[in-house]
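Student: Starting off with a structure, shown below.
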Amino acid sequence: MYIHSSFRNETNSRAEQGLPVLLDKLYGERGWDFRGYKKMTLLRRVSKRLHATGCSSLSEYLRLLENDPSEYSRLFSSITIKVSEFFREPEVFAAIAEILRGEFCGTPVRAWCCASACGEEAYSVAMLFSECLGMDALGKAKVFATDIDADALEQARRATYRIDSMLNVAPDMKDRYFIPKDGLYKVKYGIRNLVKFGTLDIVQSTPLSGMQLVLCRNLFIYFGKPLQEKVFQKLDYALKPGGLLALGKAEVLPQPYMHGYVPVGKGLNLFRKKG
Ligand SMILES: C[S@@+](CC[C@H](N)C(=O)[O-])C[C@H]1O[C@@H](n2cnc3c(N)ncnc32)[C@H](O)[C@@H]1O
């Protein structure tokens with residue numbers, strides 16, 4: 001299980017062979033089930049930790065985990081990548097806004113952001129609700145935002161962001177929905193109040209239900225195909241007929257579910273569940 005520089009260019013078969021040992025350990029000791037995640041992505045993330053800790057082999061890294069359990073959370077953080085931004089892929093939000101205005105404006109919409117990272121996506125949806133829903137519907141609308149990472153959710157609840165995550169926020173919306181504070185921007189209470197955060201590992205947990213809108217973006221890119229199908233089944237369960245489902249730009253609807261969904265727009269990876 002020696003790690004060479006070739007580990008990083010994904011060709012080290014010994015590292016690949018050693019990976020299941022590490023994944024079993026993470027599952028056994030911490031209950032984190034990354035066993036269905038894409039091997040190459042995992043190898044890259046683990047490799048980063050090896051370099052950061054100065055370990056030259058996976059065996060050495062396994063020993064380090066034994067001796068310094070605080071390394072578990074650093075590895076967890078490295079595997080669960082939190083990159084996000086407000087209104088990521090703005091054209092998807094524009095399409096959702098149009099549908100909210102046209103069809104759902106009087107509906108107390110329930111939305112679920114699965115894998116919500118530090119909250120940027122969930123607050124973006126809440127801002128859309130505020131822009132598009134009538135007063136009555138808005139009063140009853142809710143965005144449920146879940147992630148496997150409790151620290152990311154803690155950050156999300158603080159709702160304070162750097163300007164570089166807000167490049168897609170229109171200036172008038174920035175004024176309406178954020179309060180500048182010490183060089184950062186805090187989401188206003190009215191929007192924060194629409195979002196409920198909770199820890200949920202979508203691989204191992206029961207999904208939410210009764211949603212008109214489900215966003216699960218930039219999570220499937222880390223999953224192997226069988227896990228994508230298993231998790232998609234949960235998203236499908238959560239979504240009401242006629243509801244909308246958003247996947248990330250680089251993600252695809254698993255084959256067995258294609259017949260149950262109709263694409264909305266072109267190249268958006270936004271789908272409507274057949275009624
Ligand atoms: C790249 S972020 C996506 C954030 C946001 N959805 C977006 O598209 O901008 C991926 C998120 O998936 C979360 N994640 C990874 N595995 C997960 C799991 N099994 N259950 C729930 N969330 C998970 C990570 O913690 C991270 O916050």
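The values are calculated or read from the model by the stated rules, or taken from the named source; none is laboratory data. Because the structure is a prediction, the values reported are computed rather than measured. Note that each Cβ is placed from the backbone with ideal geometry, even for glycine, and that neighbours are counted across all protein chains shown.
Student: Here are the criteria: (1) surrounded by fewer than 17 Cβ atoms within 10 Å (Cβ to Cβ); (2) part of a loop (DSSP other than H, G, I, E, B). Tell me which single one residue 94 does not satisfy.
Tutor: It fails just one condition, (2).
Student: Kindly check whether there is at least one residue in segment 127-149 that is farther than 28 Å from residue 272 by Cα, out of contact with any Phe, Trp or Tyr (no Cβ under 6 Å at 6 or more places or on another chain), within 15 Å of the ligand (Cβ to nearest atom) and in a helix (DSSP H, G or I).
Tutor: no
To keep it simple, each residue is scored yes or no on (1) outside any helix (DSSP H, G or I); (2) over 14 Å from residue 143 (Cβ atoms); (3) in the same structural domain as residue 95 (by TED's automatic domain parsing); (4) out of contact with any Ser or Thr (no Cβ under 8 Å at 6 or more places or on another chain).
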residue: 179; (1), (2), (3), (4): yes, yes, yes, yes
residue: 191; (1), (2), (3), (4): no, no, yes, no
residue: 201; (1), (2), (3), (4): yes, yes, yes, yes
residue: 204; (1), (2), (3), (4): yes, yes, yes, yes
residue: 212; (1), (2), (3), (4): yes, no, yes, no
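Student: Still on this structure, I have one more. Can you tell me how many residues in segment 56-115 are polar (S, T, N, Q) and either away from the ligand (no atom under 13 Å from the Cβ) or touching a Phe, Trp or Tyr at 6+ places or on another chain (Cβ under 7 Å) (or both)?
Tutor: Residues that pass the stated criteria total 6.
Student: Moving on. Looking at 56, 70, can you tell me which residue is under 23 Å from residue 34 (Cβ atoms), without any contact (Cβ under 8 Å) to a residue 12 or more places away in the chain, among the hydroxyl-bearing types (Ser, Thr, Tyr) and exposed (fewer than 15 other Cβ atoms within 10 Å of the Cβ)?
Tutor: Going through 56, 70 in turn, the sole match is 70.
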